[in-house]
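A.B. asks: Just passing along the structure, written as structure tokens.
What follows is calculated from the coordinates using simple rules that are stated; it is not laboratory data. This one's a predicted model, so the numbers in the text were calculated from it and none came from an experiment. Please note: Cβ atoms are built from the backbone with ideal geometry, for glycine as well, and neighbour counts cover all protein chains shown.
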Amino acid sequence: MIRRAILTLSAVTLLGTLGSTTASAAKWSIDAFGGGAMPTGDFASEDFADAQTGYQFGGAVDYHMNDMWSFGVDLSWAKNTHGAEGETIDLGGGDRYTLDSDKFSTMQYGVHARATLPGTGALRYSGLLGGGMYSTKEKWEETTVLGGVTTTDSGESDDQTGFGFRLGAGTLYAMNPSWGIGVDVDYNIVSEDEDEVGFSSLQYFGFKGVVRYTLPGGSGQ
């Protein structure tokens, strides 16, 4: 139901605006971004997920109602490493256990509203509020040596999908009417099934460099 509502809202946001006939409308922009994803809360705690700072990339499409307000859809993918990755536990007598690889992957897709502060210069500041679905999976590989016999194993968790919110701020410098570069920071919090993953929410900060292309006919900055 939540996913259907998000898809419906996306369609209304992007398709409904096509009906506007004012001269100030028809301002579309496309963002591509990449940067870091820094876990916080239970996602970062050694007692729970113990996820470390990783990387992320993604993109967004926005419709600019005017110079202040824009609405759009966004998609991102992040990867974080478990803090114990690469560690070896000595079991005694030559036996040992090694966590060769352990990583979390998070796919996010949703909708957002952005408010850009008034101004006339090339440098503009904005705030963002978004919501959508987050799907997280953990995948690992391990090696165990017992009695001189080496065993390797791998596995992955089920996708844990939940609804989350995103609160962000950014700055963009317009190099010309079509191209802009900037920086965005956002905080993501996602509701999780505590019975499945052992904690009730997944939280992380995103730090991203952004490249924006504005389609001809609109400022989009």
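A.B. asks: Counting pairs of alpha carbon atoms under 8 Å apart in space and at least six apart in sequence, what relative contact order in percent does the chain give? Walk me through the intermediate numbers first.
C.D. replies: Working: 588 pairs, mean separation 46.8, N = 221.
Once divided by the residue count of the chain, the mean separation gives 21 percent.
A.B. asks: Please find the FRET efficiency linking MET175 to MET65, where r is the Cβ-Cβ separation and R0 is fixed at 22 Å, and quote it to the nearest 0.05.
C.D. replies: Rounded to the nearest 0.05, the efficiency is 0.40.
A.B. asks: Could you tell me how many degrees, from 0 to 90 and to the nearest 10, lie between the Cα long axis of helix 2-15 and the main elongation axis, the longest principal axis, of the Cα atoms of the chain?
C.D. replies: Between helix and principal axis, roughly 30 degrees.
A.B. asks: Modelling each spin label as a point 7 Å along the Cα-to-Cβ direction, I'd like the THR98/SER135 distance in nm, to one decimal.
C.D. replies: 3.3
A.B. asks: Among 97-106, 188-197, what's the highest-first ranking by average C-beta atoms within 10 angstrom per residue? Could the numbers behind the result be given before it?
C.D. replies: On the way: 97-106: 18.2, 188-197: 16.2.
Highest mean packing first, the order is 97-106, 188-197.
A.B. asks: Modelling each spin label as a point 7 Å along the Cα-to-Cβ direction, I'd like the VAL149/PHE163 distance in nm, to one decimal.
C.D. replies: Distance between the two pseudo-spin positions: 5.0 nm.
A.B. asks: May I ask you to list the residues of the stretch 27-49 whose amide nitrogen lies under 14 Å from a point 7 Å from Cα along the Cα→beta-carbon direction of ALA84?
C.D. replies: Residues 45-49 fall inside that zone.
A.B. asks: Before rounding to the nearest 500, sum -39500 (n - 2.57) across all DSSP H runs of length at least 4 in the chain and divide by the residue total; then give [θ] at 222 nm in deg cm²/dmol. Please list the in-between numbers first.
C.D. replies: On the way: 3 runs with 22 residues, N = 221.
Helix contribution divided over all residues of the chain: -2500 deg cm²/dmol.
A.B. asks: Then there is this: Estimate the FRET efficiency between ALA32 and TYR187 by the formula 1/(1 + (r/R0)^6), using the beta-carbon distance for r and 30 Å for R0, to the nearest 0.05.
C.D. replies: Numbers: r = 21 Å, r/R0 = 0.70.
The formula returns an efficiency of 0.90 here.
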